[in-house]
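*Asks:* Submitted below is the structure of interest, expressed as structure tokens.
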Amino acid sequence: MSIDTKKGIPEGIWSKCAACGEVIFQKEFFAGYKVCPGCSFHYPLSAHERLDTLLDMGTFRELDADMTSADPLAFVGNKAYKESLEASMANTGLKEAVMTGYGKVNARTVVIAVMDFRFIGGSMGSVVGEKITRAIEYAAKKHAPLIIVAASGGARMQEGMFSLAQMAKTSAALAKLADKHVPYISIMTHPTTGGVTASFPALADIIIAEPGALIGFTGARVIEDTLKEKLPAGFQTAEFMLEHGMVDMVIERKDIKGEIAALLDMFQMGAAGRQQETLSVGDIVPGADVARKMQKTVQTGVKKSAKNIKTQVKRLQGK
Amino acid sequence: MLDFEKHIIEMEKRLDELKRLSVGSKEDLSLEIDELERQLTEHKTKVYSQLTPWQRVQIARHPDRPQTRDFIEMIFHDFIELHGDRLYGDDAAIVGGPAFLDGRAVMVIGQHKGHTTRERISCNFGSPHPEGYRKALRLMKLAEKFNLPVITFIDTQGAYPGVGAEERGQAWAIADNLMRMSQLRVPIVAVNIAEGGSGGALALGVADRLLMLENAWYSVISPEGCASILYKDAAKAPEAADSLKMTAEALHNNGIVDEIVPEPVGGAHRAPNATAENLHKSLNRALDEISAAPVAKMLDLRYAKLRAIGAFEEPQPKG
Ligand SMILES: [Zn+2]
């Protein structure tokens, strides 16, 4: 018996770790956030399990829960797209590869999106793109920090260019969120690969990766086939990406929630300082009417100086 | 020579020969010539009006098809090539710099595959590294600073699959372009001139207008890649090309592509100048239309366009 590194569901009372071979008892495995006590490989979590590790109990409220995929290309392959969708729904109890909503991280309200790799490889089609974009827009509207947990093999092939376009859509929404100085923390989990990596997961203020997670753009097999050579050990792991400056930290699953809370507090403090700065006129000159008077003086001054410039220009032109 | 071109090229040869013979001959060959010309036109129209997606892919990959540097030469004047991303290196897979499009100074940026073996190797067959995407972004920022519209040419099978590309953040470079292009304060027109493979193509494709040459393809995954996933057999690429709905016509119908730029019968490789003339007109028209709106409005429209792409179902539509 072994644990599948992609599914992370052990059978029976004990199982062998697929990463290191260590015997793990199921009870211990689940109590320990699905982390192997031997090699500390972080097995994938379902969206619900992930929410449990990050949010205060009972605080999650889901958004857009009933959005489902259409089949815009009427895609035919070895299996019809509709069949794959139905199988994934039955398998996971989810309607799509991402759950979005809001909740609390140690009492701090956040907007959150969590992907589930079990749903067609966590691939991003129109629904994943739309739900994440709405979550980003909601965070911007509410000025609430955004957390996105990525777990994806890439863009969803069965929706063709509709899928690719979701990369641009989510990225554009994040540009608007950044304009509002709302913090965005990305958590890259096993695996975060393909086109999806080249969109929202890479565009965060802070990127946290889980130990051992596969992170990259092009699949290792494709690179091997192109280069005709073996890849270096540890290629495209979270640790590799840390070494190359692509992520901020690689930390254990149990520590992520606390780290998010600590970061948000610091960003919050900075933002409060900025607000105070814009209010500082009122601090020095008490009384609204005095402030208004000052503003008027400034405006008159501006008008006057504009008039002065015009007169001077005319003088210079010899009129 | 492509399979379906064989018969056409044979007929053309025979026609040339007849014409040559008729010059010094006492015999009147004009009837035969007329008849053959009629047959040729009829056959060509028949072949090219029912091209399969896979046949178009072959046209898009024709070694004589005009590429970015060729279009720059045929459409623009006084192009000044600029180099380097100011961070790591210069990627020959992406060419860029300011040039004149008739009376208008613009910034042209595009992927270039190369014609000769030597050139193709030096530019990695048009597959950019992160430094290529970062060079592109640097030139776009330069264009923004000096208020030059940006024109991009897409022609790549995908971003370069290599160890160095992953080490230097291929996903991060692409994502950054998606985000920054969505807010670039100058008009952007993107043209897919041949091949648009996945995120590596999209990284030059966030635009106010997306144009596509008639025989170009644009897809979330190459037909070969899709076939090896679906059927474990890259030779089934023709079927995958059908399923992915990757032709200009299919993408125009799906609202992803704004305009199809016609290629003369036979494809761009048989009439590069006429193709360039068509594109030249389309570029001017697109820039005129985009520039008519003030910058803020232009950016709103660009966001709305990116935002609107997606096909999904919701039980209770919002509103
Ligand atoms: Zn282990």
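The values are calculated or read from the model by the stated rules, or taken from the named source; none is laboratory data. Computed from a predicted structure; not experimentally measured. Note: ideal-geometry Cβ built from the backbone for every residue, glycine included; neighbour counts use all protein chains shown. With ligands, DNA and RNA removed, areas are computed over all heavy atoms of the protein, side chains included. Shrake-Rupley method; radii C 1.70, N 1.55, O 1.52, S 1.80 Å.
*Asks:* Given the C-alpha centroids of segment B:166-239 and segment A:139-178, what is the distance between them in whole angstrom?
*Replies:* Each part's Cα centre sits 16 Å from the other's.
*Asks:* Something else: Using only alpha-carbon positions, what ratio does the radius of gyration of chain B give when scaled by 2.2 N^0.38 Å? Mind dumping the intermediate values first?
*Replies:* Details: Rg = 21.6 Å, N = 319, 2.2 N^0.38 = 19.7 Å.
That ratio works out to 1.10.
*Asks:* Which of these, B:P238, B:P130, B:P294, has the largest mean-square fluctuation under a Gaussian network model of chain B (Cα springs below 10 Å)?
*Replies:* Result for chain B, Cα springs under 10 Å: B:P294 fluctuates most.
*Asks:* Keeping every protein chain present and rolling a 1.4 Å probe, give me the accessible area per residue for the protein assembly as shown in Å². Walk me through the intermediate numbers first.
*Replies:* Values: 29250 Å² over 638 residues.
On a per-residue basis, 46 Å².
*Asks:* Restricting the count to DSSP beta bridges whose residues both fall in segment B:56-306, what percent are antiparallel, rounded to a multiple of 5? Don't skip to the answer; put the middle values down first.
*Replies:* Details: 10 of 30 bridges.
Percent antiparallel among DSSP bridges in segment B:56-306 is about 35.
*Asks:* Ranked from the most accessible area to the least, with a 1.4 Å probe and all protein chains present, what is the order of B:F4, B:F100, A:F75, B:F79? Please list the in-between numbers first.
*Replies:* Numbers: B:F4 25, B:F100 80, A:F75 5, B:F79 60 Å².
From most accessible down to least: B:F100, B:F79, B:F4, A:F75.
*Asks:* Related question: Please say if segment B:180-222 is rounded, prolate or oblate, where rounded means a/c under 1.5 for a ≥ b ≥ c the square roots of the C-alpha gyration tensor eigenvalues, and otherwise the choice is prolate for a/b larger than b/c and oblate otherwise?
*Replies:* Values: a/c = 3.64, a/b = 1.56, b/c = 2.33.
Verdict is oblate for segment B:180-222.
*Asks:* Say each of B:H115 and B:N253 gets a label point 7 Å from the Cα, pointing the same way as Cα to Cβ; how far apart are those two points in nm?
*Replies:* Distance between the two pseudo-spin positions: 3.6 nm.
*Asks:* Identify which of B:A276, B:A227, B:A216 has the largest mean-square fluctuation in a Gaussian network model of chain B, with springs joining Cα atoms closer than 10 Å.
*Replies:* B:A227
*Asks:* When the Karplus curve 6.51 cos²θ - 1.76 cosθ + 1.60 is applied with θ = phi - 60°, which whole-Hz ³J(HN,Hα) does each residue of segment B:227-233 get, with x for Gly and Pro?
*Replies:* Couplings: 5, 6, 6, 6, 10, 6, 7 Hz.
*Asks:* Continuing with the same structure: If you take the beta carbon distance between B:L87 and A:H181 as r and set R0 to 30 Å, what does 1/(1 + (r/R0)^6) give as a FRET efficiency, to the nearest 0.05?
*Replies:* Values: r = 26 Å, r/R0 = 0.86.
Once rounded, the FRET efficiency stands at 0.70.
*Asks:* Still on this model: Within 10 Å, Cβ to Cβ, of B:V57, how many net charges do the neighbouring residues add up to if Lys/Arg are +1 and Asp/Glu are -1? Intermediate values should be presented prior to the final figure.
*Replies:* Values: positive: B:R56, B:R61; negative: B:E195, B:E224.
That works out to 0.
*Asks:* What is the average number of partner chain Cβ atoms found within 10 Å of a Cβ in A:64-73? Write down the numbers at each step before the final one.
*Replies:* Details: counts 3, 1, 4, 4, 4, 4, 4, 2, 5, 8.
Across A:64-73, the average partner-chain Cβ count within 10 Å equals 4.
*Asks:* Treating only the Cβ of Lys, Arg, Asp and Glu as charged (+1, +1, -1, -1), what charge dipole size does the protein assembly as shown show about its Cα centre? Round to the nearest 20 debye. All intermediate terms of the calculation are to be shown ahead of the outcome.
*Replies:* On the way: 76 positive and 80 negative charges, 623 e Å.
Here the protein assembly as shown has a charge dipole of around 3000 debye.
*Asks:* Follow-up. Label B:R14 and A:A90 with points 7 Å out from Cα along Cα→Cβ: what is the distance between them in nm?
*Replies:* Going from the B:R14 label point to the A:A90 one covers 5.8 nm.
*Asks:* Could you tell me which residue out of B:T275, B:I59, B:L184 lies farthest along the dipole of chain B toward its positive end? Charges go on the beta carbon: Lys and Arg +1, Asp and Glu -1, centred on the Cα centre.
*Replies:* B:L184
*Asks:* Hey, got the average number of other protein chain Cβ atoms within 10 angstrom for residues in B:218-229?
*Replies:* Details: counts 3, 5, 19, 9, 0, 0, 0, 3, 4, 1, 1, 3.
Taking all residues of B:218-229 together, the mean is 4.
*Asks:* For A:R156, which sequence-distant residues (separation of 5 or more, or a different chain) have an amide H within less than 5 Å of its own amide H, given hydrogens modelled in the peptide plane?
*Replies:* A:M124, A:G125
*Asks:* Which whole number gives the average, over all residues in A:191-202, of C-beta atoms from other chains lying within 10 Å of the residue C-beta? Write out the running numbers ahead of the final one.
*Replies:* Values: counts 0, 1, 1, 5, 11, 3, 7, 17, 7, 3, 3, 10.
Neighbouring Cβ atoms belonging to other protein chains average 6 per residue here.
*Asks:* While we're on this one: Report the charge-dipole magnitude of segment B:56-306 in Debye, nearest 20, computed about the Cα centre from +1 at each Lys and Arg Cβ and -1 at each Asp and Glu Cβ. Don't skip to the answer; put the middle values down first.
*Replies:* Numbers: 27 positive and 31 negative charges, 82 e Å.
Dipole size: approximately 400 debye.
*Asks:* State the Cα centre-to-centre distance between segment B:69-112 and segment A:117-138 in whole Å.
*Replies:* If you average the Cα positions of each part, the centres end up 36 Å apart.
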